[in-house]
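Take a look at the structure set out below.
The values are calculated or read from the model by the stated rules, or taken from the named source; none is laboratory data. Remember, it's a predicted structure, so these values are computed and weren't measured experimentally. In this analysis, Cβ positions are derived from the backbone assuming ideal geometry, glycine residues included, and neighbour counts consider all displayed protein chains.
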Amino acid sequence: MQYGHFDLENKEYVITNPATPAPWANYLGDPEYGAMISNNAAGYSFVKSGANGRLSRFRFNSEMALPGRYIYIRDNDNADYWSASWQPVGKPLDQYKSECRHGTAYTVISAEYSGIKSETTYYVPYGKTYEVWRAKLTNSSDKERKLSVFGFIEFTNEPNYEQDQVNLQYTLFITRTSFEGGNRIIQHMNENTGFDENGYNGQERFFGMVGQPVTASCGSLSDFIGPYRTFSNPIAVENGKCSNVMNYNSNSCGALQSDITLAPGETKEFIFVLGERKDPEAAAILEEYKAAGKVDAEVKQLKDYWHGQLSNFRVDTPSDEFNNMINVWNAYQCFITFIWSRAASFVYCGLRNGYGYRDTVQDIQGIIHLDPEMAAEKIRFMLSAQVSNGGGLPLVKFDHNAGHETCPDENDEHSVYAKETGHPSYRADDALWLFPTIVKYLGESGNKGFLDEVITYAEEGGGKATVYEHLKNAIRFSMERLGSHDMPAGLHADWNDCLRLGAQGESTFVAFQLYYAMNVMRDMAKDKNDTDYIAYLDGAQKKLGDALEKCWDEDRFIRGIRDNGVIVGAKKDPEANMWLNPQSWSVISRFASDEQAEKAMNSVHDILNTPYGAKLLEPPYKYHHFKGALMQVFNLDTKENGGIFSQSQGWLILAESLLGHGDRAFEYFLESSPAAMNDKAEIRVMEPYVHGQFTESKASPYEGRSHVHWLTGTASTVMVGCVEGICGMRPDLGGLTIAPSIPAKWDGFRIEKNFRGKKLNIAVDNSAHVQSGVKEITLNGEKLTGNYVPADKLKDVNEIKVVLG
Ligand code: IFM
């Protein structure tokens, strides 16, 4: 079943049936002010931190009415009322028509009911720390209409999410609201805690309106909603009268009522603004919105910014799914994960007040082809969260202070760091993610000097070092923690949070990552003429390779070796005998021989593949788990216990592409692509325009259902799989290798790419109908050797013709 469609031209997803199987969300705002909104205007906002800056409420894990940015409309001639989004009032859909356009950092919800059209645009102005809802109401009937319009938001009583939820004996007694200046509710919080230089005390939030006069207001949640009622039938709306009651020692809200008359065909505009500001500033902000055209100009500014970012890489392929995801939604999601990490969504409650090391370093990869310098800033930040022993801080606090942090003492649950973050020890893989990320940045930017930048280590007394030395240290971290089979120890976990191989147990996934890192470092060392280090790497990598060779088990690589020497993922094992990641990473790391690569990837296809992507392992753990196989807690074929872990699909796409298997690479793209589920939305449930963390697989009665929307590493791995893999765009310091791996049935495709300030128009001709293999490349009419475009041959605008065959 289909609830909407992609509008590629406008970079929007358009929901035409509002009764979606779950709230389908969009992100507004930036790190200073975050806001999420569903297709029915549910959602919440926060200032800077989802944990400590919560401005408006949300009910997580709720099947019931959700708080949101609601606008109610009441017909004062017959007392009928509805909302400008289908929910929360939820009028019958044969009478209520609506359309939601989720765009890049804005959402527009239009509706028509009872001869009244409404169109509400929600956004956070670029670079601002408040949000705007602009509602236009039009009388599409042929008689004059008398309406009351109510804007409504449920405030938190306390910016700390947890306190607001649980410490009610405190939080209920620290706020009061007041109505000020004829157009705004001010929520005062802790107001007796001292006066600032302007004579204002405590913290203040505002919810104001311009455009139409405020007839009445309400700052008390219970007065607005009324006892035994919900957002779907607030007493104030039902009665057509906000009570003008403000809260004191109770829950607060912002509700503003405006009574208007609309002549046939007439349109009136309401602009609601919500934010955290002291009253005089709130008044001044509202004043600005009296200027005609301000909202349209701000929305245009947002579109220009985001569309500009997305236009740095554009594909035009025979696949609408590919075009929509790579040009718009996967790209936008990559920016959102880059900005918000795992901080706040409809699933993440915002309590994780920091960046996961591995997650963030991987997230960066998803935007490098779109904005390498934005990526570089975050890479520097993450390098400053690397400890001088080479490991990454498992959780990097949002207020990270490089050179002054505590760090995990291995396996000491009582260390200061463990107490502060809940993470007792290092992960085996964290700092190894720096290699693919930095190598991609160097290639995209051409900024070789980056390796010589000096960056402070995380911990007190850790000193500083060049990026090149940081990377050497990351390798040292793994090399100093080898198990008895000469492979990196699994430590507290590797990429798989649920796999605890132990301080002596060993992980083949990390071993492949280390093998990859050594390849990257060798290239860098050659460039620096660091001959001693090259010799060291040659020896270390040979030994690691010998160890990995022993991990080959007929047609697959094992997943690891436990502390007690027992193999995890042996072919003979009754459960979990086949794991996805070691197979794809054996190829990505360039370790696997051609024969191993073919066999391993065929095993993946035969054993793990499903209509919705490849499972993480098979069979799931049921009877034969061991203590460190934490995934056993999950239902079968769910999450790490045999679910289709979406992040791993990106590596699979990349691995098949590197092997030149365009058909397989694209098969995996399509199986796991949200866009490909657009007409099966009732199965996927989650938004058909964003990736999730995982999809339930065969053993689940809900095979194909996806979970944990938006904030997931899937965004970046799939993006990399598609850009580097399927599109074959592989830049390095000297230029660009072009090696597409596409479905043989494609006649060709086009790419527009901005590369180091130059424009590349790339046309790939596949009239030979092959899956990969470049026969010829011409750059601005000149035939090149091989499939490499040297950067120094590029003009400002370049026509690149690629012939496959
Ligand atoms: O790799 C992890 C990630 O850090 C958090 N989500 C789950 C992944 C797999 O366990």
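I want to confirm something. Restricting to the stretch 32-54 and keeping residues that are among the aliphatic types (A, V, I, L, M) and buried (at least 24 other Cβ atoms within 10 Å of the Cβ), which single residue is nearest to Arg134 (Cα to Cα)? Going through the qualifying residues, I end up with Ala41.
When residues in the stretch 411-466 are screened for being surrounded by fewer than 19 Cβ atoms within 10 Å (Cβ to Cβ), modelled with pLDDT of 95 or more and among the basic types (Lys, Arg), 2 of them pass. In the set Phe206, Phe179, Phe155, only one residue is surrounded by 16 or more Cβ atoms within 10 Å (Cβ to Cβ) and closer than 21 Å to Gln87 by Cβ; that residue is Phe155. The set of residues in the stretch 105-124 being assigned to a loop (DSSP other than H, G, I, E, B) and either charged (D, E, K, R) or surrounded by 23 or more Cβ atoms within 10 Å (Cβ to Cβ) (or both) consists of Ala105, Val124. Among the residues of the stretch 596-636, the one identified as of a type in the set (S, T, N, Q) and part of a loop (DSSP other than H, G, I, E, B) is Asn635. Arg277 passes every criterion in (1) of a type in the set (D, E, K, R); (2) touching a helix residue (DSSP H, G or I) at 6+ places or on another chain (Cβ under 8 Å); (3) surrounded by fewer than 16 Cβ atoms within 10 Å (Cβ to Cβ) apart from (3).
Scanning the stretch 380-396 turns up no residue that is closer than 21 Å to Met479 by Cα, among the polar types (S, T, N, Q) and in contact with a Pro (Cβ under 9 Å, 6 or more places away or on another chain). Only strands (runs of 3 or more DSSP E) whose full extent lies in the stretch 174-288 are considered here, and the ones with at least 2 residues that are of a type in the set (S, T, N, Q) are 175-180, 216-220, 252-262. Number of residues in the stretch 575-595 that are part of a loop (DSSP other than H, G, I, E, B) and in contact with a helix residue (DSSP H, G or I) (Cβ under 8 Å, 6 or more places away or on another chain): the value is 4. Taking the criterion of being closer than 18 Å to Met729 by Cβ and in contact with a helix residue (DSSP H, G or I) (Cβ under 9 Å, 6 or more places away or on another chain), the only residue of the stretch 781-803 that qualifies is Leu784.
Scanning the stretch 708-726 for residues that are in contact with a strand residue (DSSP E or B) (Cβ under 6 Å, 6 or more places away or on another chain) and within 13 Å of the ligand (Cβ to nearest atom) yields Val708, Thr712. Each residue in the stretch 67-87 was checked for being within 25 Å of Ile186 (Cβ to Cβ) and either assigned to a loop (DSSP other than H, G, I, E, B) or aromatic (Phe, Trp, Tyr) (or both), and 5 of them qualify. Can you tell which of Glu782, Glu703 is over 27 Å from the mean Cα position of the chain (by Cα) and surrounded by fewer than 22 Cβ atoms within 10 Å (Cβ to Cβ)? Checking each option against the conditions leaves just Glu782.
Of all residue pairs spaced 6 or more apart or on separate chains, those with beta-carbon atoms under 7 Å, a first member in the stretch 230-250 that is touching a residue at least 24 places away in the same chain (Cβ under 8 Å) and closer than 18 Å to Asn76 by Cα and a second member that is in a loop (DSSP other than H, G, I, E, B) and among the polar types (S, T, N, Q) are Ala236/Ser243; Gly240/Asn76. Have a look at Leu514, Leu501 and point out the one that is closer than 17 Å to Leu482 by Cα and within 16 Å of the ligand (Cβ to nearest atom). Only one candidate qualifies: Leu501.
Without any contact (Cβ under 8 Å) to a residue 40 or more places away in the chain and either among the hydrophobic types (A, V, I, L, M, F, W, C) or under 27 Å from Glu321 (Cα atoms) (or both): is that true of Leu784 in this structure? Yes. Being within 16 Å of the ligand (Cβ to nearest atom), assigned to a helix (DSSP H, G or I) and of a type in the set (S, T, N, Q): is that true of Gln649 here? So Gln649 fits the description; yes. Note on the stretch 756-774: residues that are within 25 Å of Lys440 (Cα to Cα) and either assigned to a strand (DSSP E or B) or polar (S, T, N, Q) (or both) amount to 10. Among residues of the stretch 710-721 that are under 13 Å from Ile339 (Cα atoms) and among the aliphatic types (A, V, I, L, M), those with a beta-carbon under 9 Å from a residue that is near the ligand (Cβ under 10 Å from one of its atoms) and at pLDDT 95 or above at least six positions away or on a different chain give the pairs Leu711/Asp359; Leu711/Gln693; Ala715/Gln647. Within the stretch 621-632, the residues that satisfy the criterion of being more than 13 Å from the ligand (Cβ to nearest atom) and not basic (Lys, Arg) are Tyr621, Tyr623, His624, His625, Phe626, Gly628, Gln632. Put simply, of Ala570, Ala597, Ala592 the only residue that is surrounded by fewer than 22 Cβ atoms within 10 Å (Cβ to Cβ), under 16 Å from Tyr516 (Cβ atoms) and not charged (D, E, K, R) is Ala597. Consider Ser62 carefully, then state whether it is more than 24 Å from Val273 (Cα to Cα), over 19 Å from the mean Cα position of the chain (by Cα) and of a type outside the set (A, V, I, L, M). Judged against the criteria, Ser62 is a match.
Taking the criterion of being surrounded by fewer than 24 Cβ atoms within 10 Å (Cβ to Cβ), touching a Phe, Trp or Tyr at 6+ places or on another chain (Cβ under 9 Å) and at pLDDT 95 or above, the residues of the stretch 478-499 that qualify are Arg481, Cys498.
Exactly one residue out of Asn635, Asn641 is within 13 Å of the ligand (Cβ to nearest atom), among the polar types (S, T, N, Q), in contact with a strand residue (DSSP E or B) (Cβ under 8 Å, 6 or more places away or on another chain) and over 18 Å from Ala676 (Cβ atoms): that is Asn641. Hey, could you check the stretch 678-693 for residues that are free of Cβ contacts under 8 Å to residues at least 60 places away in the same chain and within 16 Å of the ligand (Cβ to nearest atom) and say which is farthest from Ile336 (Cα to Cα)? Of everything passing the filter in the stretch 678-693, Gln693 is farthest from Ile336 (Cα to Cα).
Scanning the stretch 343-378 for residues that are farther than 13 Å from Ser716 by Cβ, touching a helix residue (DSSP H, G or I) at 6+ places or on another chain (Cβ under 6 Å) and within 15 Å of the ligand (Cβ to nearest atom) yields a single hit, Tyr357. None of Gly34, Gly90 is in contact with a Phe, Trp or Tyr (Cβ under 9 Å, 6 or more places away or on another chain) and assigned to a strand (DSSP E or B) except Gly34.
Filtered by the rule that a residue be part of a helix (DSSP H, G or I) and either surrounded by fewer than 24 Cβ atoms within 10 Å (Cβ to Cβ) or touching a Leu at 6+ places or on another chain (Cβ under 7 Å) (or both), the stretch 653-669 gives Leu658, Asp663, Arg664, Glu667, Tyr668.
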